[in-house]
Amino acid sequence: MGPTNIALVQLFRAEGDLRDAQARLDAATKNVRLQQRRVTDAGEKLKGLQTRIREQQAKVGQYELEVKSRDAHIEKLRTQQQAARNNKEYQAFLIEINTGKVDKTKLEEESLKVMQSLETDQATAAETQTALASEQEKLVALQSQIGDTTKALQDEVNRLTPVRDELASKIPARARDAFMRLADRYDGEAMSPLIRPDKRVEEYLCNACHMELVRDVYNRLHTRDELVFCPSCGRILYIPENLTPAEAVNKPKERKELKKKAPPAAAGRQSSAVDVLRSVQVEDDDDTKPAPRMAKDKIPSASAGRQSDASDILRSIQVQDDEPETPAAPAAPEAFNAPEAPADPAPGESTPPEPAAPEQPKQMD
């Protein structure tokens, strides 16, 4: 990846560490924050009551001034009534005095209502003041209990914040703005690594939304220094450390060399014992044919080189297979015993007729 993408990955990890530390701090101080909220609510309630009490006290004072002014006006009318010259003027002053008394009564009633509300608010304010003091004591107790943990977590947050800011300052403004916008949107998860689920197929997915990506996304991230966004969730994509080029790109398959077949055996050689046995059976069948009749002493003997037992033939074939092949010598004709010459006849005996010549046995091809 290019320097911009590498810097973004470093910023992404620093942002994740900072947010994790802040989350741990928030979890540790959750009870404290809840108690602080109670204290704040009680304080705001007390403040509102105190404001109402001041307003009601001012209204009560205003009513008292109006009542006093009404009393003074009625006394003035009574003095003028005593100096009336006729009955008509006297009746006019009397009507005005009665009207003033009615107005005064209304003001006194309204003032009484305000004073009753004022007393209620003052009592509520006193109770709220007591509750606020109690909540403040609870808050101090909770802060003392988790003080060491909170301090350690706060120190970690304070340590990670400058690191994150320094890494962010090294990134171009456009890329930094895009990263911060996505970080705010996805709670710090602004980037997503590529994954290759199936090693047999060259395809890549976004690890955040598991959306299938184009096949050249790895080459774009590996060879160019540009931001590549997921078309589905919009996060910035990057190559993880475990997805090396050897793991990401399929290699061409190697062709296997074909094994050369062994040359065929000689055509004239018998390749199995079954064929040899069959040939022996054929010879035996030929030998079982009836021969021409002749004298017992004139029957020719069997060939000296013929093998009559199949086991001897198999042994000879095994020996021939072990020995290197040599060109076969021409087979010699079988020798037969010559017939014996007839003996001279005794005196007085007739000469027997000459026997017919025996037939030559057929040679096997």
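Any residue that is under 36 Å from the mean Cα position of the chain (by Cα), in a helix (DSSP H, G or I) and in contact (Cβ under 8 Å) with a residue 24 or more places away in the chain - is there at least one of those in region 31-38?
Among the residues of region 31-38, at least one is under 36 Å from the mean Cα position of the chain (by Cα), in a helix (DSSP H, G or I) and in contact (Cβ under 8 Å) with a residue 24 or more places away in the chain, which makes the answer yes.
Please determine whether any residue of region 156-177 is farther than 30 Å from GLU226 by Cα, part of a helix (DSSP H, G or I) and in contact (Cβ under 8 Å) with a residue 12 or more places away in the chain.
The answer is yes; a qualifying residue exists.
Hey, among the residues in region 153-189 that are surrounded by fewer than 14 Cβ atoms within 10 Å (Cβ to Cβ) and over 15 Å from ALA14 (Cα atoms), which one's nearest to the chain's Cα centre (by Cα)?
Per the stated criteria, the residue is ARG185.
Could you list, in sequence order, all residues of region 212-223 that are surrounded by 13 or more Cβ atoms within 10 Å (Cβ to Cβ) and assigned to a loop (DSSP other than H, G, I, E, B)?
LEU213, the sole residue that qualifies.
Given LEU227, LEU194, which one is outside any loop (DSSP other than H, G, I, E, B) and in contact (Cβ under 8 Å) with a residue 24 or more places away in the chain?
Testing whether each residue is outside any loop (DSSP other than H, G, I, E, B) and in contact (Cβ under 8 Å) with a residue 24 or more places away in the chain leaves just LEU194.
Among the listed residues THR130, THR79, THR120, THR99, identify the single one that is in a helix (DSSP H, G or I), among the β-branched types (Val, Ile, Thr) and closer than 30 Å to VAL32 by Cβ.
None of the other options fit; the residue is THR130.
Quick one: ALA208 ticks every box in (1) in contact (Cβ under 8 Å) with a residue 24 or more places away in the chain; (2) part of a helix (DSSP H, G or I); (3) among the hydrophobic types (A, V, I, L, M, F, W, C); (4) closer than 20 Å to ASP17 by Cβ except a single one, so which number is it?
The one condition ALA208 does not meet is (2).
Sort through ARG200, ARG164, ARG174 and tell me the only one that's under 22 Å from GLY234 (Cα atoms) and of a type in the set (Lys, Arg).
The match here is ARG174.
Determine, yes or no, whether ILE195 is surrounded by fewer than 19 Cβ atoms within 10 Å (Cβ to Cβ) and of a type in the set (A, V, I, L, M, F, W, C).
In short, yes.
Would you confirm, using the coordinates I've provided, whether GLN143 is of a type outside the set (Lys, Arg), surrounded by 12 or more Cβ atoms within 10 Å (Cβ to Cβ), under 23 Å from LYS45 (Cβ atoms) and at pLDDT 90 or above?
No: the conditions fail for GLN143.
When you go through (1) without any contact (Cβ under 8 Å) to a residue 60 or more places away in the chain; (2) out of contact with any Leu (no Cβ under 6 Å at 6 or more places or on another chain) one by one for LEU49, which number turns out not to apply?
LEU49 satisfies all of (1) without any contact (Cβ under 8 Å) to a residue 60 or more places away in the chain; (2) out of contact with any Leu (no Cβ under 6 Å at 6 or more places or on another chain) except (1).
Restricting to region 25-36, name every residue that is loosely packed, with under 15 Cβ neighbours inside 10 Å and either at pLDDT 90 or above or within 23 Å of PRO162 (Cα to Cα) (or both).
ASP26, ALA27
May I ask you to say which residue of GLU75, GLU15, GLU64 is surrounded by 15 or more Cβ atoms within 10 Å (Cβ to Cβ), acidic (Asp, Glu) and farther than 30 Å from ALA131 by Cα?
The conditions single out GLU15.
Of the conditions (1) in contact (Cβ under 8 Å) with a residue 60 or more places away in the chain; (2) surrounded by 15 or more Cβ atoms within 10 Å (Cβ to Cβ), THR149 clears all except one; give me its number.
So THR149 meets the others, but not (2).
Check region 133-143 and report whether any residue there is assigned to a helix (DSSP H, G or I), in contact (Cβ under 8 Å) with a residue 12 or more places away in the chain and in contact with a Leu (Cβ under 8 Å, 6 or more places away or on another chain).
No, region 133-143 contains no residue that is assigned to a helix (DSSP H, G or I), in contact (Cβ under 8 Å) with a residue 12 or more places away in the chain and in contact with a Leu (Cβ under 8 Å, 6 or more places away or on another chain).
The values are calculated or read from the model by the stated rules, or taken from the named source; none is laboratory data. In this text, all values refer to a predicted model and were calculated from it rather than measured experimentally. Here the Cβ is made from the backbone with ideal geometry for all residues, glycine too, and neighbour counts use every protein chain on show.
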